[in-house]
Amino acid sequence: MTLDELNNLWSADAQIDRTELGDEAIRIPQLHSKYFKLYSQERLSLRKSLEASKSLLRDLNFYYLGSLDRETMSDYGWEQNEHIILKTDVSMHIDANPVWIQSNLKIAYQQEKVDFLDSIIKSLNGRGFNISAAINWEKFKVGI
């Protein structure tokens with residue numbers, strides 16, 4: 001699920017019907033379950049991406065040091081590195097590598113989704129208090 005899809009989903013679910021506050025209070029556990037399931041899935045996807053990036057970082061290190069085997073290079077579609085790179089310069093080359101940059105962008109995007117879902121869950125945790133306050137306000141307005 002994309003960040004835009006999550007945002008659209010939450011925009012619809014975040015609405016509170018002020019005329020049916022009791023129904024809205026009952027809906028909180030359903031929404032919490034829905035978004036916690038999405039949160040768990042996205043968090044696991046983030047973990048998977050982080051672990052894959054560790055393997056990629058190792059392979060890029062070996063590649064720039066000239067010790068990556070040809071089979072792994074062909075799996076990535078890389079050609080033999082013909083330049084001699086000092087060990088101290090390897091990190092600079094890795095940081096500029098398009099595959100590494102793409103991996104980092106994927107992780108950052110996934111982290112944004114996880115953070116967004118985390119904020120939704122926190123909002124849902126406080127929704128009961130907001131509904132209670134709205135009910136008390138309505139009672140106050142009618143003099144109860």
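The values are calculated or read from the model by the stated rules, or taken from the named source; none is laboratory data. Keep in mind that this is a model prediction, so the values were computed, not measured. Side chains included, ligands, DNA and RNA excluded: accessible areas come from the protein's heavy atoms. Shrake-Rupley method; radii C 1.70, N 1.55, O 1.52, S 1.80 Å.
The spread of Cα positions in the range 17-94, taken along each principal axis and listed from longest to shortest, comes to 71, 25, 15 Å.
Between Leu68 and Tyr63, the built amide H atoms are under 5 Å apart, and every one of these is 5 or more places off in sequence or on another chain.
Taking the longest Cα principal axis of the chain as reference, the axis of helix 98-142 is set at about 10 degrees. For the chain, the solvent-accessible area with a 1.4 angstrom probe is 68 square angstrom per residue. For the chain, the alpha-carbon radius of gyration amounts to 1.68 times the rule-of-thumb value 2.2 N^0.38 Å expected for a compact globular protein.
Structural descriptor for the chain: relative contact order 39 percent, calculated from alpha carbon pairs under 8 angstrom and at least 6 residues apart. The apolar share of the surface of the chain, taken as the fraction of accessible area on carbon and sulfur atoms (1.4 Å probe, ligands and nucleic acids excluded), comes to 56 percent. By the Stokes-Einstein formula, at 1.306 mPa s and 10 °C, the range 69-144 with its Kirkwood radius over alpha-carbon pairs has D equal to 89 µm²/s. Only helices enter the 222 nm calculation for the chain: every DSSP H run of n ≥ 4 contributes -39,500 (n - 2.57), and dividing by all residues gives -28000 deg cm²/dmol, rounded to 500.
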